[in-house]
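Scroll down for the structure; my scribbles are underneath it.
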Amino acid sequence: MLIEFVNIAILALLAVTALAAIRLHDLFAVAMMFGIYSLLASVMFVVLDAIDVAFTEAAVGVGISTVLMLGTIGLVGRHEQKPAHRPLLPILVVTITGAALVYGTLDMPLFMDPAAPAQQHVAPYYLNESPEQIGIPNVVTSILASYRGYDTLGELAVIFTAGIGVLGILGLRRRKRPGHEGTSE
Amino acid sequence: MSFGGLYNYWIVILLMMTGFYVVIASGNLVKKIIGLNLFQASVFILYISVGKVAGGSAPVLQDGFEPYSNPLPHVLILTAIVVGVATTALGLALVVRIREAYDSVEEDEIHDQDESL
Amino acid sequence: MNDNPVLRIVAKIIIPMILIFGLYVQFHGDFGPGGGFQAGVIFATGFILYGLVFGTDALRSAIPAPILRIVIAGGLLLYVGVGVATLLMGSDFLAYNVLGSTPSGGQHLGIFLVELGVGVTVSAVMITVFLGFAGRNDP
């Protein structure tokens, strides 16, 4: 019961933060709202028992993502143009999509249901066999690195590729040539 | 389960739609990427919600703490978060280059410049 | 930001703690919450804080760009290398049991090396990305 109340309180705060991010037109404030949103999401993950995820979200969402957004805003300017017309079409699209998704949830198992299909498939196998097969207490690590090692290899390759992409687009350092300052780009 | 048991998913859908709205209604490329990130974070919350078991504890094995919540969504989302920030960085890098090429990050202005060529 | 003494002194105290905490998260991931992804990001935030407070040039002289590029590739190669090693030792790709004298010992060694590869690549990519954005401001 306590968990449900904490849950609802955090979800309400998340909704308020997200709606504030829509209304604001100062990008600096929007980036700060995103930082707050990530911090609230990581609190949510602690409540929902995902401590490893909370760890990552706190370091990535609040730290690195926000720093990158601020760095970009510093380069491109912090003020968004106000839209010229009323955003009726987007509101319509969003409402229809949301209604369809809510209709889809009606068939989903109830929140926290121990008999839900998601808890019956491979999760019991991992939880029961991990102590003998892998021998480390943190099941998240044993799935990440051992059972689903191929997956993690793929994810690491994506991060590697994204890093190479940013390196190619922005470059680590542009060499300053004397007498050619104005001609770069 | 006094709240119908599905309220969690509904609020997550509200959060998703806020992110979606920012992506399609805003003309500013930086704000679009922030909207994508909002959407992404709410998908993370949805996944972790699916893995939660009533009365469960975090999946670090220790005698006397049964049952455990489902560790599989945790693994998927853990890697997705870090991949998400890497792809966000790539998107923001493209925005910076667009700004250098067009001197604007507003969709309409970029479109007008392309038309007038 | 460079001439604010409070910021400089606090950063000098905090940065070593962040780095040591990153290492703790990296090597304690088997037993508690933690692992390569988290540790890589936390380790990178230490360097990013250094870059924010002391300037990107100081960060560049602390970690030269060629070393960063080698480290980015090195982490991924370490991961793949563990897989190739298990192949050469007569097992399947990334089946760690053959790495040690006991299956459990093999798993421990395999997970340790793989997580190390993840952490190294993630932290180097994050620092590279930060330098890419922050270095754009420099004239």
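What distance in nm lies between label points placed 7 Å from Cα along the C-beta direction at C:Asp57 and A:Tyr150?
Roughly 5.1 nm, to one decimal.
How many angstrom lie between the Cα centre of region B:20-63 and the Cα centre of region A:101-128?
18
Give, as ranges by residue number, the residues of region B:17-37 whose backbone N falls under 17 Å from the point 7 Å along Cα→Cβ of A:Ile91.
Counting backbone N atoms under 17 Å from the label point, the list is B:17-27.
For region B:69-93 and region C:34-59, what is the separation of their Cα centres, given in Å?
19
If eta is 1.002 mPa s and T is 20 °C, what Stokes-Einstein diffusion coefficient results for chain C, Kirkwood Rh from Cα pairs, in µm²/s? Provide the component values of the computation, followed by the final result.
On the way: Rh = 16.4 Å.
Translational D for this selection: 131 µm²/s.
Shape verdict for the protein assembly as shown, please, from the Cα gyration tensor: rounded (a/c under 1.5), prolate (a/b greater than b/c) or oblate. Mind dumping the intermediate values first?
On the way: a/c = 1.90, a/b = 1.15, b/c = 1.64.
It comes out oblate by the Cα gyration axes.
Rounding to the nearest 20 debye, state how big the charge dipole of chain B is about its Cα centre with +1 on each Lys and Arg Cβ and -1 on each Asp and Glu Cβ.
Details: 5 positive and 11 negative charges, 122 e Å.
Once rounded to the nearest 20, the dipole reads 580 debye.
When a/c reaches 1.5 or more, the comparison of a/b and b/c decides; with that in mind, is region A:116-175 rounded, prolate or oblate per its Cα gyration tensor? Display every interim value, and only then the final one.
Numbers: a/c = 4.80, a/b = 2.85, b/c = 1.68.
Prolate, since a/c reaches 1.5 and a/b exceeds b/c.
With N set to the number of residues, divide the alpha-carbon radius of gyration of region A:1-80 by 2.2 N^0.38 Å and report two decimals. All intermediate terms of the calculation are to be shown ahead of the outcome.
Details: Rg = 14.0 Å, N = 80, 2.2 N^0.38 = 11.6 Å.
Expressed relative to 2.2 N^0.38 Å, the Cα Rg reads 1.20.
Average partner chain C-beta neighbours within 10 Å, per residue of A:125-136? Don't skip to the answer; put the middle values down first.
On the way: counts 0, 6, 9, 1, 0, 4, 2, 2, 4, 9, 9, 10.
Per-residue shielding by partner chains comes out at 5.
Taking the Cα centre of region C:5-137 as origin, work out the dipole magnitude from +1 charges on Lys and Arg Cβ and -1 charges on Asp and Glu Cβ, in debye rounded to 20. It would help to have the intermediate numbers written out before the result.
Working: 5 positive and 4 negative charges, 109 e Å.
So the magnitude is around 520 debye.
Taking the dipole about the Cα centre of region B:7-115, with the C-beta of Lys and Arg at +1 and of Asp and Glu at -1, give me whichever of B:Ile34, B:Pro67, B:Ala89 is farthest to the positive side.
Of the candidates, B:Pro67 comes out farthest on the positive side.
Of the options A:Ser130, A:Leu170, A:Leu88, report the single residue whose Cα projects farthest towards the positive end of the charge dipole of chain A (beta-carbon charges: Lys, Arg +1; Asp, Glu -1).
Farthest towards the positive end: A:Leu170.
Could you quote the convex hull projected area for region B:43-93, Cα atoms only and averaged over all directions, in nm²?
Values: hull surface 15.6 nm².
Across all orientations, region B:43-93 yields a mean hull projection of 3.9 nm².
Just subtract the alpha-carbon distance of A:His79 and A:Tyr103 from 0.36 nm times their residue separation and send over the number in nm, one decimal.
Working: separation 24, 0.36 × 24 = 8.64 nm, distance 3.76 nm.
This chain segment gains 4.9 nm when fully extended.
Mind checking the dipole of chain A: about its Cα centre, +1 per Lys or Arg Cβ, -1 per Asp or Glu Cβ, Debye to the nearest 20?
Details: 10 positive and 14 negative charges, 251 e Å.
It comes to approximately 1200 debye.
How large is the Rg to Rh ratio of chain B when both quantities use alpha carbon positions and Rh follows Kirkwood?
On the way: Rg = 19.9 Å, Rh = 17.0 Å.
Computed over Cα atoms, the ratio is 1.17.
Points 7 angstrom from Cα along the Cβ direction at A:Glu132 and C:Asp3: gap in nanometres?
If labels sit at A:Glu132 and C:Asp3, their model points lie 7.0 nm apart.
With every atom except the alpha carbons ignored, what do you get for Rg and Dmax of chain A, in angstroms?
So, for chain A, Rg and Dmax equal 22.4, 72 Å respectively.
Bear in mind these aren't lab numbers, they're just calculated from the coordinates by the rules spelled out. Being a predicted model, the structure only gives us computed values, none of them experimental. For neighbour counting, all protein chains shown are included, and Cβ atoms are generated from backbone atoms with ideal geometry for every residue, glycine included.
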